[in-house]
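The structure under discussion appears below in the form of structure tokens.
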Amino acid sequence: MAHRELKLMISSRSDAFKIPDGNGGFMRLRAARETLKADLEAALFLDRPLLKVWINEREHGESGQTAWDQCLAEAKACDLFISLYDGHAGWTLKGSKLGICQAEFDAAFNDSPEKVQVVRLPNATLKAGDVSGKSFLDALTSSQRFETQPQTDWPEIRAKIHSLVQQMVLGASHEGIRQYRKSGPNLGQALNWSRMTFTDRSGAIQAAIASELAETGVGERLEEARSLLALRTIRDTRILFSCHGAPRSLGEATGREAVGRPFLNDHNLRAAAGWEQSDAGPVHLVGCPKGVTELQALSLLGATDVTVVPGTFGVYAADRSHMVQVCLLAGCTDPGSTRNAVQRFLEWLERSGESEQFNRRARSRRRIVETIIGEIHPSA
């Protein structure tokens, strides 16, 4: 089966911005985009091209509604997206304060955040009073995509973009491999897990999660909480994770009943070996053999004021009132897919910058649990 080339869109403003060319002069963004297009489309893998590069000036020269719609359609449809940021949001439609560069970025990022990267060009500056530029910068900053920031001139910019595109293509390839692994639990270890009893499958999921999390050993089983425990340091905080396994989909009563509401047993975790007074948590990870939904996370927590974040790992949810944190890990059909879901969750914590809030909630939850223990066992 023949596949088309990956479509890469390079987004940037018009030619007003100039880049030091490395020879004492300057080059315009149009020339930079044209050169990058030629470079990337000429790059071959086993004598065949991998990329088709889309740049707006090659397709049309107008700046009206038709051009706007076409740019946004391309941004959403492309496989990979790079925004070249120079401090300006690009042209706007009449009566609007939204620049085309931000509109393209938003369309691509809302379609698939992982396909988007931003290159901050040297001397990129936001002009005072530029409303659309400020809005664009805010959108880029909140996306946490300013990872490539050349400092000097065109040769450095060109080299860094080549390296960036290589990593993006590799990342897309690895993501495709992950999807292959999720083709169905009908072979190998996935088939073995499907043959297990409910109890054994739940235990196997717990063990895979705990062994991936635990910094030492495999984890401790605590029957009072019906979970397997693991300690892991996230940034500067050591956190107790309580690992659970749903033997069936959470969309089925048997799957939900096997998990229950595990945080109601948090006061029983005080007996966990190695859980020191300075440690935080617990945080609950629930491995699920099928997909998971935000509604299932909300139902499990039983609260309304909840932060809910979907991701490639599944769904993360945090109760703002009781500081309970739960992550439903999707596609846990065998040891490999379960470990992968755990790693994707940990990667998201780090990449999104959520780890600081995650740790803060875990420390708050520990204090709440200690208060509950004090009320239940006042002499303890």
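Every number in this text was worked out from the coordinates using simple rules, so none of it is lab data. In this text the structure is predicted, and so the values were computed from the model without any measurement. All Cβ positions, even for glycine, are placed from backbone atoms using ideal geometry, and neighbour counts span all protein chains on display.
With a/c under 1.5 counting as rounded, go ahead and sort the stretch 328-379 into rounded, prolate or oblate using the C-alpha gyration tensor (a ≥ b ≥ c being the square roots of the eigenvalues; past the cut-off, prolate if a/b is larger than b/c, else oblate). The shape class here is oblate.
Neighbour counts of other Cβ atoms within 10 Å put Val342, Val286 in the fewest-to-most order Val342, Val286. Counting only alpha carbon atoms, the long axis of helix 29-42 and the longest principal axis of the chain meet at about 70°. Evaluated with a Cβ-only charge set (Lys, Arg +1; Asp, Glu -1), the stretch 14-139 carries a dipole of roughly 320 debye about its Cα centre, given to the nearest 20. By other beta-carbon atoms within 10 Å, ranking Ile100, Ile373 with the fewest at the front produces Ile373, Ile100.
Taking Cα centroids, how far is the stretch 344-374 from the stretch 92-107 in Å? So the two Cα centres are separated by 37 Å.
Label-to-label distance for Thr371 and Gln65 is 5.6 nm, based on points extended 7 Å past Cα in the beta-carbon direction. Pairs over the 28 Å Cα-Cα cut-off, from the set Lys37/Lys94; Lys52/Lys94; Lys52/Lys134; Lys160/Lys290; Lys7/Lys290; Lys76/Lys134: Lys37/Lys94; Lys52/Lys94; Lys52/Lys134; Lys160/Lys290; Lys7/Lys290.
Amide hydrogen proximity for Val118: with H placed 1.01 Å from N in the peptide plane, the residues at 5 or more positions away or on another chain lying under 5 Å are Ser83, Glu147, Thr148. What number, in percent, do you get for the relative contact order of the stretch 188-376 if the mean sequence gap of Cα pairs under 8 Å and at least 6 apart is divided by its residue count? Reported as a whole number, the value is 21 percent. Dipole check for the chain: with +1 at the C-beta of Lys and Arg, -1 at the C-beta of Asp and Glu, and the Cα centre as origin, the magnitude is about 200 Debye.
Backbone phi angles across the stretch 227-239, fed through the Karplus curve with coefficients 6.51, -1.76 and 1.60 (θ = phi - 60°), yield HN-Hα couplings of 8, 10, 10, 8, 9, 8, 8, 10, 6, 10, 10, 8, 10 Hz in residue order; Gly and Pro are listed as x.
Does the stretch 188-376 come out rounded, prolate or oblate by the C-alpha gyration tensor, with a ≥ b ≥ c the root eigenvalues, rounded set by a/c under 1.5 and, if not, prolate when a/b is larger than b/c and oblate if not?
Values: a/c = 1.39, a/b = 1.33, b/c = 1.05.
The shape class here is rounded.
Computed packing ranks the peptides 294-303, 349-358 as 294-303, 349-358, most packed first, by mean other Cβ atoms within 10 Å. Under 5 Å from the amide H of Lys52 lie the amide H atoms of Leu6, Lys7, Leu8, each residue being 5 or more positions distant or on a separate chain, with H modelled from the backbone and absent for Pro and chain starts.
The candidate values are (1) 138; (2) 173; (3) 189; the one derived from this structure for volume of the Cα convex hull per residue in Å³ carries the label (3). Under a cut-off of 17 Å between alpha-carbon atoms, report the lysines in cross-link reach of Lys127, not counting same-chain residues fewer than 8 places apart. Partners found: Lys18, Lys97. Panel order for His3, His322, His377, by other beta carbons found within 10 Å of each beta carbon, from fewest to most: His3, His377, His322. Taken one residue at a time, the phi angles of the stretch 281-296 give Karplus couplings (6.51, -1.76, 1.60, θ = phi - 60°) of x, x, 10, 9, 10, 10, x, 10, x, 10, x, 10, 10, 5, 4, 5 Hz. Gly and Pro are set to x. DSSP beta bridges in the chain, what fraction antiparallel, as a percent rounded to 5? Close to 55 percent.
Against the chain, whose longest principal axis is taken from its Cα atoms, helix 335-352 shows a tilt of about 60°.
The angle separating the long axis of helix 65-77 from the principal Cα axis of greatest extent in the chain is about 40 degrees. Classified by the C-alpha gyration tensor, the stretch 25-94 has an oblate form. Its axis ratio a/c, with a ≥ b ≥ c, is 1.5 or above, and a/b does not exceed b/c.
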